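Below is one structure, written out as structure tokens; comments come after it.
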Amino acid sequence: MIDARDVDWTRHALALAQKGAYSVTPNPKVGAVIVKNDHAIGQGWHQKAGEPHAEIHALNDAIAQGHEVRGATMYVSLEPCNHFGRTPPCTQAIIDSGISRVVAAMRDPHPKAAHGGEVLSASGIAFDLCDDLADEARALNLGFISRVTKNRPFVRVKAAVSLDGRLAAANGKSQWITGAAARRDGHHFRAMACALLTGIGTVLADDPSLLVRDVDTTRQPLRIVLDTHGRMPRHAKVVTDGGKTLIITAAPNYPIPAHENIEVFTQNPPPHHHTIDLHALMRELAEREINELHVEAGSRINGALLEADLIDELLIYTAPSVLGQEGLPLFALSREGLETTQSRLDAFHRFHAVATYPLAPDICVRWQRKE
């Protein structure tokens, strides 16, 4: 039976999980707190893939402080895992510790790790789900859930636009549409992502580094560039600055040689098609354990992702400026895609606003797919 105190302690576990936002990928973000006599005696969060999980950190913290965990309750943001992966199963450590009850905010969606609650129950440990916080728990690990249940990453398209919805002026100039606060906020989402995707058009126009700045992180996401026909300049920052870059192409003889930091993946498109197969790309990225894919691209890639129904979230920063009818639109749709969206207005109703906040002089709206 879940009561108000259970909700409060589970919410504390969710807050702990957030501490691993920039470092745990491809694992889920997880926090744990051990409570006895209504006092926290140990806590922890998953800090890095391959290292101990949150439950183990919490147990070690309690023991280091000299506390007896037998008979205590453990609150976790995600059902304890029940399989050997990079580390042993947390369920066995919990059983061995003498913990008498475990409360989780949500079930583990990973088929291999699932059913930890049943294992705990079979060992005499009470297991409860705090359904009141299930939505918050899912929001914490949207990318992990998407990868293990849909076999593709969670795709977030970030864009800075004018009031009239333009990415750039008619001459292609786009730096900077939004102000410093909006750019800093965007880097927070970059840092959380496993990979950043852009197109060769953006590389040719802006020569971006696509590195995380303004955020204290120990990890730089993988950069992915869609370059169908092999137009990448040898001096581009994504090639020369030492960061890791994955180039997706359909060109049989790619001009940039692969080396330690550059991987070239040649996709074989269907006959008579001269573009990257986005659905196949998403499956490939899932195989590479990419949870969150952060997209900072131009109109054509944004439009192709929308037509392929692969966008899970739109992160839109709107500036108080007008770039005019000749400016570049947020989405460039094909003739077929335009006809589809014009004939089916519900195509524009697939997103709903989940957050709106000012970043003076701009404003950010996060739109997520309706499930």
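List of remarks:
- Relative to the longest principal axis of the Cα atoms of the chain, helix 278-287 runs at roughly 30 degrees.
- Segment Q92-R288, length gained on full extension (0.36 nm per residue, minus Cα span): 67.7 nm
- Most mobile of Y317, Y254, Y75 in a GNM of the chain (Cα contacts under 10 Å): Y254
- Here each label is just a point 7 Å from Cα along the line to Cβ, and for E51 and S123 those points are 2.4 nm apart.
- The Cα atoms of segment 1-90 give a gyration tensor whose axes a ≥ b ≥ c have a/c of 1.5 or more with a/b greater than b/c, which makes the shape prolate.
- Residue-averaged [θ]222 nm for the chain, counting only DSSP H segments that reach four residues, each worth -39500 (n - 2.57): -8000 deg cm²/dmol
- Working ranking of peptides 306-316, 154-164, 357-367 by packing, defined as the average number of other Cβ atoms within 10 Å per residue, highest first, is 154-164, 306-316, 357-367.
- Built amide H within the under 5 Å cut-off of L197, gap 5+: I224, H294, V295, E296
- Here the label points at R107 and A353, each 7 Å from Cα along the C-beta direction, are separated by 3.4 nm in the simple model.
- Three-way shape label, segment 209-326, alpha-carbon gyration tensor, a/c 1.5: rounded
- HN-Hα J in Hz across segment 212-229 - Karplus 6.51, -1.76, 1.60, θ = phi - 60°, x for Gly and Pro: 7, 10, 6, 10, 7, 9, 8, 9, 9, x, 5, 9, 10, 10, 7, 9, 3, 9
- For the residues V354, V238, V76, a GNM of the chain with alpha-carbon springs under 10 Å puts the largest fluctuation on V354.
- Cross-link check: pairs K158/K237; K36/K158; K112/K370; K36/K370; K237/K370 evaluated at a Cα-Cα cut-off of 32 Å; pairs beyond the cut-off: K36/K158; K36/K370; K237/K370.
- Within the chain, percent of DSSP bridges classed antiparallel, to nearest 5: 45 percent
- Ranked by how many other beta carbons lie within 10 Å on average, peptides 131-138, 184-191 from highest: 184-191, 131-138
- Alpha-carbon centroids, segment 109-185 and segment 201-276: separation in whole Å: 24 Å
- Put simply, the convex hull of the Cα atoms in the chain casts, on average, a shadow of 20.8 nm².
- Normalising the average separation of contacting C-alpha pairs (under 8 angstrom, six or more residues apart) by the number of residues puts the relative contact order of the chain at 16 percent.
Only the coordinates and a few stated rules stand behind these numbers; no lab work does. All of these numbers come straight from a predicted model, not from anything done at the bench. Note: ideal-geometry Cβ built from the backbone for every residue, glycine included; neighbour counts use all protein chains shown.
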